[in-house]
Amino acid sequence: MYLAYVRGPPVAVFAGSWLCSKSPVDGTPIALGEPFGDCDPAVARLMSVATTVRMAKALGVKVFVSRELGEDGVDAAFAGGADGVLEELQFSRGGYGEGARFVLLEPRNVEELVNTVRNVAEAVHKPFDVLVATTLEDAGDFAPYVDGLVLVGGWVPAEVEEVGELPEVGRCLHCGIDYLMYGGGIRRCVYCGRRLSRVVTSVKPPRSRAVFRSVYKKYANLTRLRFKVV
Ligand SMILES: [Zn+2]
């Protein structure tokens, strides 16, 4: 069914093209209120994961997720810019474990975090990277003190709703505007004259982490996005 992104942050990240006949490419930002695809409504959960990861990445740290999200959820996380999957790292939980490169902590606050890190260091005399398991809500407190975050919840809502039409959508990345072509069809941005790129497509790139990563990078600097009807 034709869906629009109706409730959530001003910019969400699309994920779940494998549940759609037409959609943006996974990792593409979409604007609040925008119609985006012919999809199963289950894409909402995947968009929620992708959007949350993107917001955590904006804090400037590495972001990891757990395999517990399932295969679709993990792919959605990569569409949002995730750096890896916790279970694929050599890590130990709560303290230092032999051979671990990462120490995963779940501190209640920053004081507990930094003092635990020092205590671990005194005990082991070995280098390690620090990860904190946290929700997006608390991520901002810990981000300045750690090498990475493991998102364990607090997924932002990304709600979708059935709509009557799916217009062609042309995007000007320079101006951060999507032109919804309900009436006319235009090829160039009315503000800057740049050529528009098509957002909704039947083309499906391979479902691989490298592809997710490159799409994420393409849009990493796009912080605002609105639509305009033409
Ligand atoms: Zn423009």
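The values are calculated or read from the model by the stated rules, or taken from the named source; none is laboratory data. What you see is a predicted model; the values in this text were computed from it and never measured. Positions of Cβ are backbone-derived with ideal geometry, glycine not excepted, and every protein chain shown enters the neighbour counts. Calculation scope for accessible area: heavy atoms of the full protein, side chains included, ligands and nucleic acids excluded. Shrake-Rupley method; radii C 1.70, N 1.55, O 1.52, S 1.80 Å.
Things worth noting here:
- Of all accessible heavy-atom area on the chain, the percent that carbon and sulfur account for (1.4 Å): 50 percent
- Computed about its Cα centre, the charge dipole of the range 74-148 is approximately 280 debye, with only Lys, Arg, Asp and Glu carrying charge at their Cβ.
- Cut-off of 10 Å, at most 11 other beta carbons, DSSP loop: longest stretch of the chain lacking such trypsin sites (Lys or Arg not before Pro): 1-107
- Cleavage-rule hits (chymotrypsin sites (Phe, Trp or Tyr not before Pro)) in the range 121-214: DSSP loop, at most 13 neighbouring Cβ within 10 angstrom: 182, 191
- DSSP loop GluC sites (Glu not before Pro) with at most 11 other Cβ within 10 Å excluded, longest remaining stretch of the chain: 1-97
- Each label point was placed 7 Å from the Cα along the Cα-to-Cβ direction; for residue 58 and residue 195 their separation is 3.0 nm.
- With the simple model of a label 7 Å out from the Cα in the direction of the Cβ, residue 109 to residue 173 spans 4.4 nm.
- Solvent-accessible surface of the range 62-151, taken per residue with a 1.4 Å probe and all protein chains present: 50 Å².
- Cβ-based charge dipole, the range 54-93, positive-most Cα from 60, 86, 74: 60
- Computed E for residue 207/residue 135 - FRET, C-beta separation, R0 35 angstrom, nearest 0.05: 0.80
- Of all the options 143, 77, 100, the one that moves most in a Gaussian network model of the chain with Cα springs shorter than 10 angstrom is 100.
- Amide H contacts under 5 Å for residue 26, placed H, 5+ residues apart: 17
- Between the range 92-148 and the range 149-169, the alpha-carbon center distance in angstrom: 31 Å
- For the range 62-151: relative contact order, % (alpha-carbon pairs under 8 angstrom, 6 or more apart): 29 percent
- The range 62-151 - Rg (one decimal) and Dmax (whole number), Cα, Å: 13.1, 40
- Cα-projected label distance for residue 188 with residue 101, points at 7 Å along beta-carbon direction, nm: 4.9 nm
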